[in-house]
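Notes follow once the structure below has been shown.
The values are calculated or read from the model by the stated rules, or taken from the named source; none is laboratory data. Here the structure is a predicted model, which is why all the values come from computation and not from measurement. In this analysis, Cβ positions are derived from the backbone assuming ideal geometry, glycine residues included, and neighbour counts consider all displayed protein chains. Note: areas computed on protein heavy atoms with side chains; ligands, DNA, RNA excluded. Shrake-Rupley method; radii C 1.70, N 1.55, O 1.52, S 1.80 Å.
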Amino acid sequence: DSFRPIISNSFRNTIMPLGFSGRHRNHIFALSNIKRDKLALVEIDMNNGEEVRELFSHPEVDVDHEGYLADRGEMGYATYATWKQQRHFLDKRIEAVYAAIQRKLEGYEVSVLDRDTAHRRFIVRSFTDTDPGAVYYFDLEQDKLVKLADNIPALSGYRFPRMKPISYRTRDGRQLHGYLTLPLNAKGKRPPVIVFPHNGPRDRNRWGFDPEVQFFANRGFAVFQVNYRGSTGYGKEFWASGFKEWGGKIQDDITDGVRWLIEEGVVDPGRIGIYGAGFGGYSALHAACFNSGLYACAASYSGFANLFTFLKEIPPHLKPYLQMYYEIVGNPETEPDLVKAMSPVFHADSIRIPVFIAQGGKDSWSAVNEINQFVQKLRKRKIPITYILREEEGRYFRDEENRIAFYRELGGFFDKYLR
């Protein structure tokens, strides 16, 4: 048959099909936040586009996209992430499988990567915040678990610090959640801290083994991560509250978190740095411009310096979404003052702290000439600047030697200015 529209909505609402129902051939299971704030697991009749029933929802967070059993046309479970990932089982057989695996891997987060059609044999991945984990073969009938491979063999036997959940209230009363990782030798001390805003901002931090977090913690730094407004996973109102606040309330949320850490006496207020990639790198540059009194140094990896360029240089495959970007970031034609006020490139004269910038020459989101000019402005003002430009790289470095050099320089930068 020819295609016909069933449901239409704006980008502010989400319908994410997961798969067809094996019981009703014209029904699908989907995640939807239509007429609700949080994504819920629902069943939709594709004849008329109407929601038939809600299978599961959570009052605080969105439901995630796992749990559909394609070979059976059923939902085995629903997943959601508060500070850790949780499962709500809809099928007793699947619940029994996970319980059997969990008994073998107590304390680990587990996920099934693949299974046979009888659901008796499984390939399983495990991890924790302190262990990158491994991949296993599990035979349910024999109750036998066999390790196939470690996820990161080179790290076997090392000890790593835990990623602890935190929460605090912002200056306007909003409750935010995040994570704090303290180095192993931090007991009774106030270590230096690296504030680590996530990329996106349409993303979120999750509990688990994070190599970059552990890279910093291994060097003696605490690492602070927050799911600021504009992050996903907490409902569409929370996400939309970050629209056109890239340089406003989102940055206030990060700042309020740092001040909360200081008030709690957790970290050394004189040794606070900030680092991020993409939007996180933009946040680091923004902090250097507008919060040089709070931070000792700032590091940006492919951060957005000029939002006019960011909006102009959107890759061709994303051009159909340009109006959406205007609503989320700001419209450079009708709101030039807003976009200029949020763009670090126009506020370089306010920076008074050491800055680290890493940039790929083929990054389609940034103009290297502008980054070069930004760096030159800082050098003329005698601001300590570490600048890594790899002409052959894109947004993020892929060549192994370039990656190693990048992290060596990044680690040395924070060692120099936060010790």
* Residue check: is Ser302 surrounded by 21 or more Cβ atoms within 10 Å (Cβ to Cβ), among the polar types (S, T, N, Q) and closer than 21 Å to Lys377 by Cβ? -> yes
* Asked: Quick one: which strands (runs of 3 or more DSSP E) sit completely within the stretch 119-163 and have at least 3 residues that are surrounded by fewer than 19 Cβ atoms within 10 Å (Cβ to Cβ) and touching a residue at least 40 places away in the same chain (Cβ under 8 Å)?
  -> none
* Structure fact -> The one condition Phe413 fails out of (1) modelled with pLDDT of 95 or more; (2) under 23 Å from the mean Cα position of the chain (by Cα); (3) open to solvent by less than 30 Å² (accessible area, probe 1.4 Å) is (2)
* Residue in the stretch 82-98 that is touching a Lys or Arg at 6+ places or on another chain (Cβ under 7 Å) and farther than 16 Å from Phe138 by Cβ present -> no
* **Residues of the stretch 358-377 that turn out to be without any contact (Cβ under 8 Å) to a residue 60 or more places away in the chain, buried (at least 20 other Cβ atoms within 10 Å of the Cβ) and hydrophobic (A, V, I, L, M, F, W, C), as a count** => 2
* To do: Quick one: which residue in Val52, Val42, Val63, Val110 is in contact with a helix residue (DSSP H, G or I) (Cβ under 6 Å, 6 or more places away or on another chain), at negative phi and without any contact (Cβ under 8 Å) to a residue 60 or more places away in the chain?
  => Val110
* Which condition number does Arg103 fail, the rest of (1) in a helix (DSSP H, G or I); (2) touching a Ser or Thr at 6+ places or on another chain (Cβ under 9 Å); (3) not aliphatic (A, V, I, L, M) being met? -> (2)
* Structure fact -> Scanning the stretch 12-69 for residues that are within 24 Å of the chain's Cα centre (by Cα) and among the small types (Gly, Ala, Ser), the one nearest to Ser167 (Cα to Cα) turns out to be Ser57
* Taking the condition of a type in the set (Phe, Trp, Tyr) and closer than 30 Å to Gly248 by Cβ, does Tyr168 pass? -> yes
* Structure fact -> For the stretch 73-100 the number of residues that are touching a Ser or Thr at 6+ places or on another chain (Cβ under 9 Å) and in a loop (DSSP other than H, G, I, E, B) is 2
* Residue list for the stretch 314-352, filter: of a type in the set (A, V, I, L, M), part of a loop (DSSP other than H, G, I, E, B) and open to solvent by 10 Å² or more (accessible area, probe 1.4 Å) -> none
* Structure fact -> Condition set hydrophobic (A, V, I, L, M, F, W, C) and in a loop (DSSP other than H, G, I, E, B), scope the stretch 1-30, selection surrounded by the fewest Cβ atoms within 10 Å (Cβ to Cβ): answer is Phe3
